[in-house]
Structures are given as structure tokens and as C-alpha cells.
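A.B. asks: Please read through the structure below; I'll follow up with questions.
The values are calculated or read from the model by the stated rules, or taken from the named source; none is laboratory data. Keep in mind it's a predicted model, so treat the numbers as computed, not measured. Note that each Cβ is placed from the backbone with ideal geometry, even for glycine, and that neighbours are counted across all protein chains shown.
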Amino acid sequence: MSASLLVFFVLSIVCVGGALGVVLARNVVHATFLLLLSLMGVAGVFLLLLAEFLALVQVLIYGGAITIVVLFVIMLTKSDDFHSMTDNQQRPIAFIVSLGLFGVLTFAAITGDTGNNVRSSLKFADLGDSLFTKWAIPFEVASLILLVALIGAIVISKQGEEE
Amino acid sequence: MTLVYFQILSAALFSIGLYGVLVRRSAVLILLCIELMLNAVNINLIAFSAYSEPIVATGQVIAIFVITIAAAEVGLALAIIINLFRNKGSVDIDEVDLMKW
Amino acid sequence: MSLLEFSIIEGIQMAWLAPAISVLAFVLIVVFRLFESKLGSAISILGAISGLSIVGYVVNQFDKTGAGEFSSEWFTVGSTVITVGITVDQLSVVMLAIVTFVALLVQIYSISYMKDEPRVGWYFAVHSLFVASMLILVLANNLLILYFAWELVGLCSYLLIGFWYEKRAAAEAAKKAFVTTRIGDVGLLIGIILLFKATGTFQISTIIHIAQQGGIADTSLMVAVLLLFLGAMGKSAQFPLHVWLPDAMEGPTPVSALIHAATMVVAGVYLVARVFPLFELAPPITLTIVAIVGLTTAIIGASIALVMTDLKKVLAYSTISHLGFMMLALGSGAYVVAMFHLFTHAFAKALLFLSAGSVDHGTGGKRDIRELGGLRHRMPITTITFSIGALALAGVPPLSGFFSKDEIMMAVMDGMHPIFFIIATLAVLMSSLYMVRVLILVFFGELKPENDGAHESPALMTIPLVILAMMSLVVGFFSSNWKSFFGEEASHDIDPLVLGLSISMSIGGLFLGWAIYTKRWVAPEEIAEKLKLFGRPAANGYYIDSFYQWTIDRIVLVFANMVALFDRIVVNDTVVNGTGYSVFLSAFKLRYLETGKLYNYALAMVIGVLFIGISKYWGIL
């Protein structure tokens, strides 16, 4: 058992554990924090995959921005069963379905051709190169999307003198 | 630690996120589970990128875009949830069934 | 021949102009909506005069150039070429002359008779259309055009019988006429199609040519020809399709004169004459059937006419009887003789009908002969013309009817079994008797006091009467010219037996009528009592009408009701409405799929994706 494999298992336990917590937790805030835990685990996995920049971005965006915003909204939309949310009636079928999906994906993964299994690291400069030359247009579009989302969020949640 | 490990991890996260989306009753929690699914996809993408021979940056670039879009989407979705809360008094999506027969 | 060449008119080709002008008159009246104005009648009269002049010119040319046939291509269907064309030969020329001449006289008469009628323009319009279609019918050289004109003539008859459609009886009579002749028309159509199938063409001359060369099988020829005869039976009111003609008297009297005496009803006779070579080539039973039908019609018509009390009905049954005589002549193989009788009958019958109209006009609407009598004191011209017409049809020499009847009797004697001759003689006797009966009862005898106000009709009505009367007087002497015109030898030896029998029958009828109705040696009432066994059924038309009505009520309408029930329940409710309702029902059940809850929809999506993924892997999709 190499060191990276050990690290991998630990990280996957963190990720999956956090995820299970998100879907099973009674308390909304608990769920949020468990998500945060899971996503940090994901950041660790990125590191394992030699994608340092993305691990950084993951921590920054998810940990720094999204979780905060979600907590804000939870605070703003406080409801009575805040502390214990029950699940809806679809539990059995959803369980089966997601299990089925997991099975299908795993099956596809195992029976697929996976090449020669050598991890390589991407030079950071190459990433930047690729992002701004080959993927320049999607880059611009993504910034546009961000702008639109920003405006949209403001418009949608505006209170006051509409109608 | 071959590529398959990462794929299975990604599949697991994705299925768990899917289960959460189908089962949870609060809109905010559904949003969190969607984030889970997106991250699972990211793991997959980056794994493919890392194990490619010769290495290509495509997977990582797309992962960047996914994170970007996810962030934008969370912002918008939360705005909608706030609006929903204002109109209905709760974020329970069981009560959002005006399109019922 | 292209249509352009066809329209360069000269000689007998001009014949096609005659119907064209009448059609033009009709179109003008209809397009300018002159239904209520006198201008309509003027246009129609102009059309009739031009038609007559064209026909006169054509007859003139015909003497010089002889017969001719002209056709041009109309359109092509597959390998069949449909042509339109006219044929100008002896047969069509005489019919042209009769139709235009009588039509003109009737239209002049109508100006006065229909003077007070508001919709007089429409009357003249349909009149013109009728003249046009009749002319097309006699000019047609192929069966398709003939059928087209046949139907058109039927339509005009329907429109004119039902001219006073406000009256229920008139509308019913028009419908009855149309439906009854329709039965015949179906036969005609099937016959035409059969002939087309056998020969591949509609051209009459070509069909006859092929048949003469033996190109049509015996049985199919017989069937086709008998079906054509069925059409003729409908139009010419032969038994048992004669029931419409008496009811058609609901129309205006000039209409009865033109259509139901002189022209339309003879279309059937004309048709048989036109395709007569086919009749001759078919197995001999065919002509015998024609003769039997004609004889039956003659005797039935004559016997019913004897007991009718309405003036126009007597004339109607008389027409039926004489049409029977014409068919009898055709069945005996003498089509020239039949056409001659058509010729004389046309003038005489038109004359009689117009005189009846004059009586109607003069007495203020009386038509029942029991209410009339002694009109000779008040309506002298009408009396004279009616008498001439009546005696002509009775077969009194030297009037025209005597010659034509005599010819018919000779033909029957030569061509048929003696029983035909005997029954025909009886019919001749009866025809004489009923004519005399009407003549005496209406015009002679005492003038009833309520008829004191009767007056003679105006000139526009009496002049046509006089002209027709003169024709009836003189035409008879042209029988040998007639025969040579048609290319037959002038006359064989006159059979003294037949001649003597003819004269004695007609004179005998005269005498009998005089004896019964004037001198009252035997009172008519007594005779009616003694012959009640024959008289009562005759008065009821031998219950043929009742039989038809029973058939319609019990069989046709029952079947129709069943079909209507089926249509309503199965087709309408179950299939049409049911299909719509089933959509509604299923939607009612399926709407519960729309729960409105997002997670249900998400689940459905995921299941779909799974399904696609798995089946794609397993090769099902």
C-alpha cells in the first residue's frame, strides 16, 4: 500500500462521509458544514491528481464564497422545522434509483479501457496558455454568464416598488 | 491507484448527491446536493486530464468552467429561494405545486 | 378537326349555333338577373327566333349537301379520346325543326299566358335552356354528350314543372318527375358504359359500325340496348315509369305543351331511333320487348284517359298512349313511321295543350270537364283549333293523325304477331273515343250559366293555335315525302284491310262518342255503372301509384331508417364522438401524472436516463 493510496482512501472517506452527512442530516446548518467538509476533501483529491491551481480555486470558491452565501440564505429563510427536516416520500424509489445509477457508472468504469495509468502533472503555464488561447471564447462567455447571473440575482430578489 | 479508483469515487459522490436531490425537502438542501454532484463531475474531469498521455489541459479547463458556472448558479438559485420564501413563508418544496392538475 | 376549324361555320355545320344562341339567352337572363322583367322574355323570344332561322338555313343546306358529322377532340383520359361533335342527318334535322318551331310558338303563346306572372323572366330563361339542351340532345353524335343533354333536359323539366313551387303539389310533382326519370337514367348510364366497354368509344356512328361488323357479343349488346331502352322508358313515360307525366300537369300549360307533349317526352323515342341499328342487330327479343312495352303503355294510357275528368290529365294520358304507339312502331321495326307519328303528334298535342290553356284562361281557371260545356258559343277559335287537334289525334281522315296512325297499324300488321294488332286496334278505338268525349263535353252541348262570362283568348294566344292547327291539317299529306326523305321507298301497296279498319275505328269512335254524350242513347252514367269493374281501377291509374307508394313506404323507407339508425349510433356516436370522448377520458385519468412537485419530475428524468443508458448498453435501443 503506497502512501498516495492511503491518502486517497482517507480522502475518499472524508468525501463520502461528508456527502452522506449532507443527505442524511436533520439539521440544515449541520448539512451545510458537512458539505464544506466534503468539498475540502475534494480539494485534497485534486491535490492528489496534481492539479494544484484547481485545489486552490476549489477551496477559495466553495469554502470562501458559496458556503457563506448559503449560510446567509439559511439565516434569511428560517422556518419552523429548522432544526429537523424530514424527508419526503420518495425515499425508497430514490434509493434504488441512485443505487442503480451508481451501479451503471461503476460498471462502465470497470469495463472501460483506462490506458496506462500514469499520473502526470500539468504545467501551470500550459494551463493558462490553454485557457486563454484554445478556450478563450468559452472563457469570455463564462464571464458573461457571471455578469448575467449577478444582474439576475439582484433583479429577482429585489424588494419594493415593482408592480 | 489507477484511474478507475477516481471514477468510482466520482460515481459514489454523484449518486449520493442524486439521492439527496430526490429526497430532501428544503430547497436549500437540494442546492447543496446539486453542488455535490457538480464536484463529483469535477473529480472525474480532472482525473481524466491527469491520466491522459500526452497530457492535455482540457479536463482542468472544463473543471474551471464548471466551478464558475456552479458559483453563478448558486447565486441565482439562492435569489430565487429568497423570493420563494417571501411569497410562501417557507422553503419547503412540497408546497410548491401550483402546476398541479 | 381542331376547335378552330370547327368554328368556321358554313353549311350544315352551323347547326351548333342554334343551341348556342339559346344558351346565350339563358346566360344573359341569369347573369343580369332579369328574373322579374319583361326584358327576359324578349331575350328568350329573340333567341328562339334566331334558333328557328338557323335551323331553317340548316334544312336548306341539308337539301344540298346531305348528311354530315363533325366532331372535335375535347380531352384525353389515358388512351381514350373524348370528343364533342354534332351529327346532322335526317333524324336530327326533323327534330331540330320540330323543337325550334314548336318552342317559338309556345314562347309567343307564353307572353300572353304568363302575362301576370311576376317571375316571368326566370320562366323564359329555363325555357331557353330547355330548348338549348333539347337541341344539343338531338345534335349529339356521341353518347356522352347525349347523356349530358339528357340530364339537362330533365333538370329543365323539373324546374318548369315546379315553377309555382309555392304550391306543395307542384313541388311534389317536380320531385316525382325527376326521381322517376332518374330510374331510367341509371339504366341509360349503365348502357352507355357497357357499350363503351365493348367498343372503346362513345361515338354513336362508330359503335353502330363496330356492331354491324359483329364486334359486340350478342348478350352484351342486348343488355346494353335494353338498358338504353330503360332510359327511354323513363323519359318517354312508358309503363311502368309513366307515373310522372300526369302529375307534371301541375306546371304551366305552355310547359306541358312544349315539354310533355312535343319535345322532351319524345327524347326517348328519338334515342331508340338514333341507335336503331343496334336494336336491329340485337337478338329479336329486344324489339319484341320494345313493342310489348309500347303496346302496354298505349292501352293503359288510352283506358285511363277515358275516365279522367281533368282536361289536362286526359291530354297527359293521351300523350302516354301515343308515346306507346310510337314505341310500338319502333318495336315493329319501322322507325321511319314512328318518327312520322312523332312529327304529327307533336303539332297536334301541342295544339291541344295550348287550347286547353286557352280554355283555362278564358273560363278563369276551370279544368274539370264536368264543369265545362258549350264553350263553342263563347270561344269559337279555340273550339275550332281544339277540334282539329282532337280529330287529328283520333285518326280521322284526312287529318295528319290518320296517316301516321295508319302507317303504324300497317307496320304492326307486317311485323308482329296478330295479337299486337288486335290490342292496338282496341287502343286506337279508345283514343278516338276519349278525344271525342272531351271534345263534346267541353265545347258542345249546353252552355252552363256559370260559364257565361267566358271569353276568347287574346291574339298572342290564338295565333299560335291557328298555326299549329294548319300544320295538323296539311302535314299528313307528306307521308310519302317523309319516307323518301329518310331514304325508304315511298309506299308499298296500301293494305285495304288495315285502311278499312283504321277508318272504321276512328269514325266508329266518333260515332260512339256522339251517341253516348250528345244523343244520350245510352247514358254515360249507366255505362260507368256497368263497366265499374274496369272503370274504377282505371280512374285510380290501375293502382300503380299506390303500389309505388307502398313500396317506398314499406321497403325503401324502412331500409333507409335502418341505415340512418346505424349511421347515428355506430358511425356518429361510437366512432366519431367516441374517439373524441376517449381522448377526454384518458386525459382525465392521465392528468394525475402532473403532480406539480419538482422531485417527482426529477425522479422521472433520472429513471429515463437510466433506462436509456442501460438499454443502449444492452443494444435494445
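A.B. asks: Run down A:127, A:144 and say which single residue is of a type outside the set (Asp, Glu) and either in contact with a helix residue (DSSP H, G or I) (Cβ under 7 Å, 6 or more places away or on another chain) or surrounded by 12 or more Cβ atoms within 10 Å (Cβ to Cβ) (or both).
C.D. replies: Every option except A:127 fails the conditions.
A.B. asks: Follow-up question, since we're still on this one. What is the number of the single condition among (1) within 14 Å of chain C (Cβ to nearest Cβ); (2) buried (at least 24 other Cβ atoms within 10 Å of the Cβ) that residue B:10 does not meet?
C.D. replies: Just one mismatch for residue B:10, condition (1).
A.B. asks: Right, here's the next one. For the range C:542-567, name all the residues that are over 34 Å from the mean Cα position of the chain (by Cα) and surrounded by 11 or more Cβ atoms within 10 Å (Cβ to Cβ).
C.D. replies: Once the filter is applied, which keeps residues that are over 34 Å from the mean Cα position of the chain (by Cα) and surrounded by 11 or more Cβ atoms within 10 Å (Cβ to Cβ), the range C:542-567 yields C:566, C:567.
A.B. asks: What is the one condition in (1) in contact (Cβ under 8 Å) with a residue 24 or more places away in the chain; (2) farther than 17 Å from residue C:274 by Cβ; (3) surrounded by fewer than 16 Cβ atoms within 10 Å (Cβ to Cβ) that residue C:106 does not satisfy?
C.D. replies: That leaves (3) as the condition not met.
A.B. asks: Regarding residue C:516, is this residue more than 14 Å from chain B (Cβ to nearest Cβ), in contact with a Pro (Cβ under 6 Å, 6 or more places away or on another chain) and either part of a helix (DSSP H, G or I) or free of Cβ contacts under 8 Å to residues at least 40 places away in the same chain (or both)? First the steps, then the outcome.
C.D. replies: Numbers: more than 14 Å from chain B (Cβ to nearest Cβ): yes; in contact with a Pro (Cβ under 6 Å, 6 or more places away or on another chain): yes; either part of a helix (DSSP H, G or I) or free of Cβ contacts under 8 Å to residues at least 40 places away in the same chain (or both): yes.
Considered against the rule, which asks whether it is more than 14 Å from chain B (Cβ to nearest Cβ), in contact with a Pro (Cβ under 6 Å, 6 or more places away or on another chain) and either part of a helix (DSSP H, G or I) or free of Cβ contacts under 8 Å to residues at least 40 places away in the same chain (or both), residue C:516 comes out as yes.
A.B. asks: Something else now. Answer yes or no: is there a residue in the range C:614-621 that is in contact with a Leu (Cβ under 6 Å, 6 or more places away or on another chain), within 14 Å of another protein chain (Cβ to nearest Cβ) and either exposed (fewer than 11 other Cβ atoms within 10 Å of the Cβ) or at pLDDT 85 or above (or both). Show your work before the answer.
C.D. replies: First pass over the range C:614-621, keeping only residues in contact with a Leu (Cβ under 6 Å, 6 or more places away or on another chain): C:615.
From what is left, the residues that are within 14 Å of another protein chain (Cβ to nearest Cβ) are C:615.
Filter once more, keeping what is either exposed (fewer than 11 other Cβ atoms within 10 Å of the Cβ) or at pLDDT 85 or above (or both): C:615.
Checked the range C:614-621: at least one residue is in contact with a Leu (Cβ under 6 Å, 6 or more places away or on another chain), within 14 Å of another protein chain (Cβ to nearest Cβ) and either exposed (fewer than 11 other Cβ atoms within 10 Å of the Cβ) or at pLDDT 85 or above (or both).
A.B. asks: Looking at (1) assigned to a loop (DSSP other than H, G, I, E, B); (2) in contact with a helix residue (DSSP H, G or I) (Cβ under 9 Å, 6 or more places away or on another chain); (3) not aliphatic (A, V, I, L, M), find the lone condition where residue A:116 falls short.
C.D. replies: (2)
A.B. asks: Can we say residue C:54 is in a helix (DSSP H, G or I), crowded, with 21+ Cβ neighbours inside 10 Å and at pLDDT below 80?
C.D. replies: On the way: in a helix (DSSP H, G or I): yes; crowded, with 21+ Cβ neighbours inside 10 Å: yes; at pLDDT below 80: no.
The answer is no for residue C:54.
A.B. asks: What are the residues in the range C:442-461 that are surrounded by fewer than 23 Cβ atoms within 10 Å (Cβ to Cβ) and part of a helix (DSSP H, G or I), if any?
C.D. replies: C:449, C:450, C:451, C:459, C:460
A.B. asks: Hey, another quick one. Any residue at all in the range A:73-94 that's at pLDDT 90 or above, surrounded by fewer than 20 Cβ atoms within 10 Å (Cβ to Cβ) and touching a Phe, Trp or Tyr at 6+ places or on another chain (Cβ under 8 Å)?
C.D. replies: So far as the range A:73-94 goes, no, none of its residues is at pLDDT 90 or above, surrounded by fewer than 20 Cβ atoms within 10 Å (Cβ to Cβ) and touching a Phe, Trp or Tyr at 6+ places or on another chain (Cβ under 8 Å).
A.B. asks: A follow-up question, please. List the number of the failed condition for residue C:443; all other conditions in (1) in contact with a Lys or Arg (Cβ under 9 Å, 6 or more places away or on another chain); (2) within 30 Å of residue C:295 (Cα to Cα) hold.
C.D. replies: So residue C:443 meets the others, but not (2).
A.B. asks: Between B:47, B:79, which is assigned to a helix (DSSP H, G or I), closer than 23 Å to residue B:6 by Cα and either small (Gly, Ala, Ser) or in contact with a helix residue (DSSP H, G or I) (Cβ under 7 Å, 6 or more places away or on another chain) (or both)?
C.D. replies: Values: B:79 fails: closer than 23 Å to residue B:6 by Cα.
Matching residue, one of B:47, B:79: B:47.
A.B. asks: Within the range C:308-335, restricting attention to residues that are of a type in the set (A, V, I, L, M) and surrounded by fewer than 24 Cβ atoms within 10 Å (Cβ to Cβ), which residue is nearest to residue C:370 (Cα to Cα)?
C.D. replies: Narrowing the range C:308-335 to residues of a type in the set (A, V, I, L, M): C:308, C:311, C:314-316, C:320, C:323, C:326-330, C:334.
Then keep just the ones that are surrounded by fewer than 24 Cβ atoms within 10 Å (Cβ to Cβ); that gives C:308, C:334.
Values: C:308: 10, C:334: 40 Å.
The qualifying residue nearest to residue C:370 (Cα to Cα) is C:308.
A.B. asks: Return the residues of the range B:77-101 that are surrounded by 18 or more Cβ atoms within 10 Å (Cβ to Cβ) and of a type in the set (A, V, I, L, M); say none if nothing qualifies.
C.D. replies: Answer for the range B:77-101, where residues must be surrounded by 18 or more Cβ atoms within 10 Å (Cβ to Cβ) and of a type in the set (A, V, I, L, M): B:77, B:78, B:79, B:81, B:82, B:84, B:91, B:93.
A.B. asks: Now, a different point. Kindly indicate the residue of the range A:95-121 that is of a type outside the set (Ser, Thr, Tyr) and modelled with pLDDT under 85 and also surrounded by the fewest Cβ atoms within 10 Å (Cβ to Cβ) among those meeting that condition. Talk me through it step by step, then tell me what you get.
C.D. replies: Here is the first cut: in the range A:95-121, the residues of a type outside the set (Ser, Thr, Tyr) are A:95-97, A:99-105, A:107-110, A:112-113, A:115-119.
Now drop any that are not modelled with pLDDT under 85, which leaves A:112-113, A:115-119.
Working: A:112: 11, A:113: 4, A:115: 12, A:116: 8, A:117: 12, A:118: 12, A:119: 17.
Per the stated criteria, the residue is A:113.
A.B. asks: Looking at (1) within 14 Å of chain B (Cβ to nearest Cβ); (2) in contact with a helix residue (DSSP H, G or I) (Cβ under 7 Å, 6 or more places away or on another chain), which is the one condition that is false for residue C:600?
C.D. replies: (2)
A.B. asks: Of all residues in the range B:45-95 being out of contact with any Gly (no Cβ under 9 Å at 6 or more places or on another chain) and polar (S, T, N, Q), which is farthest from the other protein chains (Cβ to nearest Cβ)?
C.D. replies: B:87
A.B. asks: Residue check: is residue C:290 among the aliphatic types (A, V, I, L, M), more than 16 Å from residue C:176 (Cβ to Cβ) and buried (at least 22 other Cβ atoms within 10 Å of the Cβ)?
C.D. replies: Numbers: among the aliphatic types (A, V, I, L, M): yes; more than 16 Å from residue C:176 (Cβ to Cβ): yes; buried (at least 22 other Cβ atoms within 10 Å of the Cβ): yes.
Against the criterion (among the aliphatic types (A, V, I, L, M), more than 16 Å from residue C:176 (Cβ to Cβ) and buried (at least 22 other Cβ atoms within 10 Å of the Cβ)), residue C:290 qualifies.
A.B. asks: Related question: Please count how many residues of the range C:69-95 are assigned to a helix (DSSP H, G or I) and in contact with a Gly (Cβ under 9 Å, 6 or more places away or on another chain).
C.D. replies: So the count comes out to 1.
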